[in-house]
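Notes follow the structure.
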Amino acid sequence: QVQLVESGGGLVQAGGSLRLSCAASGRTFSSYSMGWFRQGPGKEREFVAAISRSGSLRYYADSVKGRFTISRDNVKNTVYLQTSSLKPEDTAVYYCAADTSAVGPRSALEYDYWGQGTQVTVSS
């Protein structure tokens, strides 16, 4: 198993940025592809970004492409989500997730492990 703990959320003005982190413990971090998802008020959980085990492949939702960057450090057992040009509609609880596949699925149903989430609030 792997345990995931997110951090880095907070309150930020529109146009600002935040760096979210997700620290993993347990089995070998590099055995997992990683994803970031978010769930806004009254909304379903949605895909944000995913990264393959090695970090060579990255995928983004259209809504965040060009504004968010996913990365990982397999030595520090951490995956990051650098956000920029934040908008009020980015307000959500952000979750990281781990999957045993190599690439990193877009569907939340395919992920095996989840963190507790970190709140991001963007004020206008």
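The values are calculated or read from the model by the stated rules, or taken from the named source; none is laboratory data. A quick note: this is a predicted structure, and the numbers were derived from the prediction, not measured. Neighbour counts are summed over all protein chains in view; Cβ atoms, including those assigned to glycine, are modelled from backbone coordinates with ideal geometry. Accessible surface is based on the protein model in full, side chains and every heavy atom, while ligands, DNA and RNA are left aside. Shrake-Rupley method; radii C 1.70, N 1.55, O 1.52, S 1.80 Å.
Quick notes on this structure:
- Checked against (1) within 15 Å of the chain's Cα centre (by Cα); (2) at pLDDT below 95, GLN1 meets all criteria but (1).
- Of all residues in the stretch 24-36, none satisfies being within 23 Å of LYS76 (Cα to Cα), assigned to a strand (DSSP E or B), out of contact with any Lys or Arg (no Cβ under 6 Å at 6 or more places or on another chain) and of a type in the set (Val, Ile, Thr).
- Among residues of the stretch 23-53, those that are over 15 Å from SER107 (Cβ atoms) and hydrophobic (A, V, I, L, M, F, W, C), counted: 4
- Filter result (over 12 Å from the mean Cα position of the chain (by Cα) and open to solvent by less than 30 Å² (accessible area, probe 1.4 Å)) within the stretch 32-52: TYR32, GLY40, SER52
- All positions within the stretch 13-31 that are of a type in the set (A, V, I, L, M), open to solvent by 10 Å² or more (accessible area, probe 1.4 Å) and out of contact with any helix residue (DSSP H, G or I) (no Cβ under 9 Å at 6 or more places or on another chain): LEU18, ALA23, ALA24
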